[in-house]
Amino acid sequence: MTKYIYLKTLFLLFSSVYFVTAQPVVWTSVQPGVWKAAVGKPEAYNLLTASGTRPNASALVKLGQTPFPLPQTGITARVVDGKTYLRFPLNRTEQLYGFGLNFQTVHQRGRILNLHVDHFRGSDNGRTHSPTPFYISSNGYGVFINSARYLTVYAGTAVRKDSSDPPVSQDRNTDKSWDSSPYSDAVEILVPAAGVELYVFGGPKPLDVVRRYNLFNGGGCLPPRWGLGFQQRVKTLYTSDQVEAEAEQFEQKGFPLDVIGLEPGWQSKSYPCTFEWDKTRYPDPKGFLQTMLSKGIRANLWLNPYVAPSASIFKAIQPFTASHTVWTGQIPDFTQPQAQQIFFGQLAKDGVNLGVSGYKIDEVDGYDSWLWPDVATFPSGHAAEQMRQTYGLLLQRYSTDMYRKQNKRTFGLIRASNGGGSSFPYVIYNDYYKHEDFITALINSSFAGVLWTPEVRSSDTSEEWLRRIQTVVFSPLAMINAWDSGTKPWSFDDVSKAVQDMALLRMQMMPYWYSEFAKYHFEGTPPFRAMNLEEGFTSEVKSEVVVTSLEKNPYAEAVRKEIKDQYMAGEYLLVAPLFKGQKSRTVTLPTGNWYDFYTGELVGNGQQITASPGLDRIPVYVKDGGIIPMMPPRLHTPKAAEVVPIEVRYYGSKPGTYRLYDDDGETFAYEKGQYSFREIRITKQPNGQINGTISAPESGKPNSVGAVTFRQMTK
């Protein structure tokens, strides 16, 4: 008996050592420049199964092969006590970006994050609307952890005693350079599961990494043209008559409008919801929607997915809902086909079939006191934690399918997303309202595979109002959300004309915006992206320690200084917003000549400049050889097959090329080849004049391009 106990103890000891010892990770190529590995026993339900998206294999082939970008022996994994420990090597100079939709920081090295779907609450700690477990290195590779769990990330913060490149030990008593955050040579990630799928994406450039990631998840979304027009959300309890009157005001005052958003009052009950029209405010929903469509205006309906006891679908869906409720509403388990059929069947019946063009899906992100607790159970057996991480993905997936069945594209709003969601036609928004942080979120969206809108709600001053309008014009979704404030574009008389000019500029730039979103879909390039992805941009991260009292800052922790308030918009534009109270700002230009968007004048090459554009302009710069196709200003986006003239603006002196995208603007026919890219070429002649050409339209393909003229902006 003693011998048996001894042998059993020895066996357990060796077993423990075996499982604790770091294991090498075996990688398999799954697409060009994409490798996959499995550690332990990965869970069947993960981010990619929730999103259901498939790689755009042909586009990944066009990106080409690239060598595995990391030393494979430096990547290790352990499975201990039902948890997976991952380690990826870092060198001393590389920077890290990503780890989700962050609002206050761009460079993530040196941070500790708990990746958890939640409403952003003012601190980049990993709890955010899209805690995408994907990071990009400045060395040209990316890592994606395909887990629907709450992950803990040590992004170059933890130091192992057996490190091959450890930090130097310092003496704080005598060394003034002592640092409370010693150098770390690894990213370490804790996955609370006994296994996980891993993916590595190659470059060679950081932008190539982002492209591969987006294409692996199906490619970025391609909205309908109308989705890129101007949007206004009306007050919560508006009636159909009030909505129609407001739309008429836009027309009379000459402000563009493509989408009207109806807030909770369209429903007979909300918080929780019935998903049925309130007939006292909207007595004839179909007639109302058709009237709006006849005026060139689409309707977008607000909802949250929690089913009220008074809803007509309540009894039918109840068996397919969670153990807990939200605002007394049932929580559908959208991994269950029955829940999908009942819920989205109701949305089709009272929405899509009547002419509703899209949805704003609210409250699927957080506040722990509102959403279901982690002790909740779901009929599918998926953990509450997994459902929290993927609920936004599921709603995007199945609502998009609803429109696909009718061969109609949609473009909506969502409060939560995650890895795998790049292809869904939704833009993230929230209730946080700091303008500067909204721009940093727009920058970080390009690392997270999502879209973000710095929506306008209200402002204390006309200056702030105009500055906010300027940034939404240069964003994925140009929207005023007046659900509470009731503000209109013309609410501040002294800047009303400037607001109108900006809104019309959004419409003029439609050929450019639409082409850039097409590149997002077909090539994976984010239409709005971080400067760190732009060739020739250098951004040093500086840390400053300002210590007035060691009692207030006992470990002399540094404050990080970084560029987080300028970004690229499409292939050629650099946007540098101003905020309330600012009359000028510093702009860091990448190498190469850059020109003023409005005047065509040279502003600099690879240096910092001071921009003082006045109140009515947002600083925008165009790289040398830049081509911006534009159309005449108008109040509504072009309809399918409508032909519009194009003015091609050219900046600088280098030969320029641009691929102008065209399709019907509304259906999924582009997936069957019904689209074209027409090549625009411009060269500057010895006499200073320009020579511009555009390739002929393809036979049998959509062609909405009318007369083409060329305008030389740089004289």
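The values are calculated or read from the model by the stated rules, or taken from the named source; none is laboratory data. Here the structure is a predicted model, which is why all the values come from computation and not from measurement. Here Cβ is always computed from backbone atoms with ideal geometry, including for glycine, and neighbour counts include all displayed protein chains.
Looking at region 591-605, can you tell me whether even one residue there is assigned to a loop (DSSP other than H, G, I, E, B), within 18 Å of PHE528 (Cβ to Cβ) and of a type outside the set (Val, Ile, Thr)?
yes
When you scan region 612-628, do you find a residue that is in the same structural domain as PRO702 (by TED's automatic domain parsing), at pLDDT 95 or above, assigned to a loop (DSSP other than H, G, I, E, B) and of a type in the set (Lys, Arg), even just one?
Checked region 612-628: no residue is in the same structural domain as PRO702 (by TED's automatic domain parsing), at pLDDT 95 or above, assigned to a loop (DSSP other than H, G, I, E, B) and of a type in the set (Lys, Arg).
Just checking, does region 262-270 include any residue being surrounded by fewer than 17 Cβ atoms within 10 Å (Cβ to Cβ), in the same structural domain as ASP368 (by TED's automatic domain parsing) and either touching a Leu at 6+ places or on another chain (Cβ under 9 Å) or part of a strand (DSSP E or B) (or both)?
No - not one qualifying residue is present in region 262-270.
What are the residues in region 216-248 that are in a loop (DSSP other than H, G, I, E, B) and over 20 Å from LYS488 (Cα atoms), if any?
Scanning region 216-248 gives ASN217, GLY218, GLY219, GLY220, CYS221, LEU222, PRO223, PRO224.
List every residue pair whose Cβ atoms sit under 9 Å apart, with the two residues 6 or more apart in sequence or on different chains, where the first one lies in region 568-596 and is on the phi < 0 side of the Ramachandran plot and buried (at least 21 other Cβ atoms within 10 Å of the Cβ) and the second, anywhere, is of a type in the set (A, V, I, L, M) and in a loop (DSSP other than H, G, I, E, B).
LEU574/LEU589; VAL575/ILE618; ALA576/ILE618; PRO577/ILE618; LEU578/LEU615; LEU578/ILE618; VAL587/ALA576; TYR595/MET713
Let's see how each residue does on (1) of a type outside the set (Val, Ile, Thr); (2) out of contact with any helix residue (DSSP H, G or I) (no Cβ under 9 Å at 6 or more places or on another chain); (3) within 24 Å of ASN481 (Cβ to Cβ):
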residue: TRP370; (1), (2), (3): yes, yes, yes
residue: PRO379; (1), (2), (3): yes, no, no
residue: GLU385; (1), (2), (3): yes, yes, no
residue: GLY392; (1), (2), (3): yes, yes, yes
residue: THR400; (1), (2), (3): no, yes, yes
residue: ARG409; (1), (2), (3): yes, no, yes
residue: SER423; (1), (2), (3): yes, no, no
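Anything in region 59-82 that is crowded, with 16+ Cβ neighbours inside 10 Å and of a type in the set (Lys, Arg)? List them, or say none.
Once the filter is applied, which keeps residues that are crowded, with 16+ Cβ neighbours inside 10 Å and of a type in the set (Lys, Arg), region 59-82 yields only ARG78.
Condition first: acidic (Asp, Glu), under 18 Å from MET292 (Cα atoms) and more than 27 Å from the chain's Cα centre (by Cα). Can you find one or more residues in region 179-192 that meet it?
No, the conditions are met nowhere in region 179-192.
Please give the number of the condition GLY381 fails out of (1) assigned to a loop (DSSP other than H, G, I, E, B); (2) within 17 Å of the chain's Cα centre (by Cα); (3) small (Gly, Ala, Ser).
Unmet condition: (2).
How about region 655-680: which of its residues are free of Cβ contacts under 8 Å to residues at least 60 places away in the same chain and more than 16 Å from GLY700 (Cα to Cα)?
Result: PRO655, GLY656, THR657, GLU679, ILE680.
Which residue, of VAL644, VAL708, is surrounded by fewer than 20 Cβ atoms within 10 Å (Cβ to Cβ), of a type in the set (Val, Ile, Thr), under 28 Å from SER357 (Cβ atoms) and modelled with pLDDT of 95 or more?
On inspection, the qualifying residue turns out to be VAL644.
Going through region 452-461 one residue at a time, which ones are within 14 Å of ASN102 (Cα to Cα) and in contact with a Phe, Trp or Tyr (Cβ under 7 Å, 6 or more places away or on another chain)?
Passing the criteria: THR453, PRO454.
Is it the case, given these coordinates, that VAL143 is within 30 Å of ASP368 (Cα to Cα), in a loop (DSSP other than H, G, I, E, B), among the β-branched types (Val, Ile, Thr) and in contact with a strand residue (DSSP E or B) (Cβ under 7 Å, 6 or more places away or on another chain)?
no
When you scan region 182-201, how many residues do you find that are more than 25 Å from ALA148 (Cβ to Cβ) and surrounded by 16 or more Cβ atoms within 10 Å (Cβ to Cβ)?
3
Kindly check whether there is at least one residue in region 324-332 that is crowded, with 23+ Cβ neighbours inside 10 Å, among the β-branched types (Val, Ile, Thr) and either within 26 Å of the chain's Cα centre (by Cα) or over 20 Å from GLU276 (Cα atoms) (or both).
For region 324-332, residues crowded, with 23+ Cβ neighbours inside 10 Å, among the β-branched types (Val, Ile, Thr) and either within 26 Å of the chain's Cα centre (by Cα) or over 20 Å from GLU276 (Cα atoms) (or both): present.
Of everything in region 17-52, what is of a type in the set (A, V, I, L, M), modelled with pLDDT of 95 or more and not in a strand (DSSP E or B)? Give them in sequence order.
VAL26, ALA44, LEU47, LEU48, ALA50
Scan region 308-318 and tell me whether some residue there is over 25 Å from PRO223 (Cβ atoms), surrounded by fewer than 22 Cβ atoms within 10 Å (Cβ to Cβ), among the polar types (S, T, N, Q) and modelled with pLDDT under 95.
Scanning region 308-318 turns up no residue that is over 25 Å from PRO223 (Cβ atoms), surrounded by fewer than 22 Cβ atoms within 10 Å (Cβ to Cβ), among the polar types (S, T, N, Q) and modelled with pLDDT under 95.
Please pick out the residue among GLY421, GLY412 that is buried (at least 22 other Cβ atoms within 10 Å of the Cβ), small (Gly, Ala, Ser) and more than 10 Å from the chain's Cα centre (by Cα).
The unique qualifying residue is GLY412.
Give the residues of region 673-692 that are basic (Lys, Arg) and over 19 Å from TYR520 (Cβ atoms), sorted by residue number.
ARG681, LYS684
Per-residue answers, yes or no, for (1) touching a Lys or Arg at 6+ places or on another chain (Cβ under 8 Å); (2) touching a residue at least 40 places away in the same chain (Cβ under 8 Å):
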site: PHE447; (1), (2): no, yes
site: SER475; (1), (2): no, yes
site: TRP483; (1), (2): yes, yes
site: THR487; (1), (2): yes, no
site: SER496; (1), (2): no, no
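Tell me, please, whether a residue that is within 20 Å of the chain's Cα centre (by Cα), outside the structural domain of ALA299 (by TED's automatic domain parsing), part of a strand (DSSP E or B) and closer than 30 Å to LYS36 by Cβ can be found in region 208-215.
No: region 208-215 contains no residue that is within 20 Å of the chain's Cα centre (by Cα), outside the structural domain of ALA299 (by TED's automatic domain parsing), part of a strand (DSSP E or B) and closer than 30 Å to LYS36 by Cβ.
Please work out if GLY420 is touching a residue at least 40 places away in the same chain (Cβ under 8 Å) and outside any strand (DSSP E or B).
For GLY420, the condition - touching a residue at least 40 places away in the same chain (Cβ under 8 Å) and outside any strand (DSSP E or B) - is met.
Pull up region 601-624, narrow it to residues that are out of contact with any helix residue (DSSP H, G or I) (no Cβ under 9 Å at 6 or more places or on another chain) and touching a residue at least 40 places away in the same chain (Cβ under 8 Å), then point me to the one that is farthest from SER653 (Cα to Cα).
Residue satisfying both the conditions and the ranking: PRO619.
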